[in-house]
Amino acid sequence: MRLTFRTQIIVTIILVIVGFISSLWFNKDMYYNLAWAFTGLIFFINPVYPKNITSLEQEKAKKGIRIAGMVLVFIGLTNGFGV
């Protein structure tokens, strides 16, 4: 089952909030960074975009979303989002 844009955004927001709370609770930045890395991975695997963006070509939009997902994975894994 492929997630819609809205559902995927909600899931990733929850993931980032849980990572943030875990980082504060355990006093380790690793959880927050992993949450961002997983968020990027989700968008890399399932590149979705809002339905109101119809003027863009689908393949270009998917490619851009995959690139942004990989940037999030890279930043999350290289400790770019410290708490």
| task | Select from 24, 34, 72 the residue whose mean-square fluctuation is largest in a Gaussian network model of the chain (Cα-Cα springs shorter than 10 Å). | result | 24
| note | The simple spin-label model distance between residue 14 and residue 2, using points 7 Å out along Cα→Cβ, in nm, is 2.2
| request: Please give the length that would be gained between residue 21 and residue 79 if that part of the chain were fully extended, namely 0.36 nm times their separation in residues minus their C-alpha to C-alpha distance (nm, one decimal). | output: 19.2 nm
| field | Identified option (computed Kirkwood radius over Cα pairs in Å; candidates (i) 15.5; (ii) 13.2; (iii) 15.2) | value | (ii)
| query | Counting Lys and Arg as +1 and Asp and Glu as -1, each charge on the Cβ, what is the dipole of the chain about the Cα centre in debye, to the nearest 20? | reply | 240
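No value in this document is a laboratory result; all are computed from the given coordinates. The model shown is predicted, which means the values in this text are computed figures rather than measured ones. In this analysis, Cβ positions are derived from the backbone assuming ideal geometry, glycine residues included, and neighbour counts consider all displayed protein chains.
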